[in-house]
1. Charges at C-beta only: +1 for Lys and Arg, -1 for Asp and Glu. How large is the resulting dipole of the chain about its Cα centre, in Debye rounded to 20?
2. With contacts defined as alpha carbon pairs under 8 Å and 6 or more residues apart, what's the relative contact order of region 7-114 in percent?
3. If packing is taken as the mean number of other Cβ atoms within 10 Å per residue, what is the order of 90-103, 17-30, highest first?
4. Would you mind checking the pairs Lys16/Lys87; Lys45/Lys72; Lys3/Lys45; Lys15/Lys73; Lys73/Lys97; Lys48/Lys87 and listing those with alpha carbons more than 20 angstrom apart?
5. Compute the separation of the alpha-carbon centres of region 92-116 and region 13-53 and state it in Å as a whole number.
6. Just going by the charge dipole of region 7-114, with Lys and Arg at +1 and Asp and Glu at -1 on Cβ, which of Val113, Thr90, Asn69 is farthest out on the positive end?
7. Restricting the calculation to Cα positions, tell me the Rg (one decimal) and the Dmax (whole number) of the chain in Å.
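Just so it is clear, none of the values below were taken in a lab; they were calculated from the coordinates. Keep in mind the model is a prediction, meaning the values are calculated, not measured. As a convention, Cβ positions derive from the backbone with ideal geometry for all residues, glycine included, and neighbour counts pool all protein chains shown.
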Amino acid sequence: MAKTQYHIYVIELSKKVFTENRRFREANPQFNGVLECVYVGMTSKTPKERFEQHKKGYRNKKGHNLSSNIVKKYGSYLRPSLYNHIKPLTSRANALKMEETLALELRRKRYAVWFN
């Protein structure tokens, strides 16, 4: 059986998220309004499939919401140029760490970033 592969992905968000969402704004004091607002995530699906799940408000069989409300409301499109350099990972723990690493790297570059 093939080992699960985890993909890191980035979704561009409408800049309205910065003015309308206090928690997003507080998480990004470095943001100067020049670059984009983005969401960084990881998935065992393709980034495209995961983006579609976010936009539809995906729930699992137990009824748990597995989509980010920020992406559902503000998500615009995938930004492959910000994640294509990251190879798929075979460990969920490594994928979560890479998600955080990329998110913090983008914050240092002055993007406004949301991640879990």
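1. Numbers: 24 positive and 9 negative charges, 65 e Å.
Computed charge dipole of the chain: roughly 320 debye.
2. Values: 165 pairs, mean separation 47.0, N = 108.
Relative CO of region 7-114 lands at 44 percent.
3. 90-103, 17-30
4. Lys16/Lys87; Lys73/Lys97
5. 11 Å
6. Going by the Cα projections, it comes out as Asn69.
7. 14.0, 47
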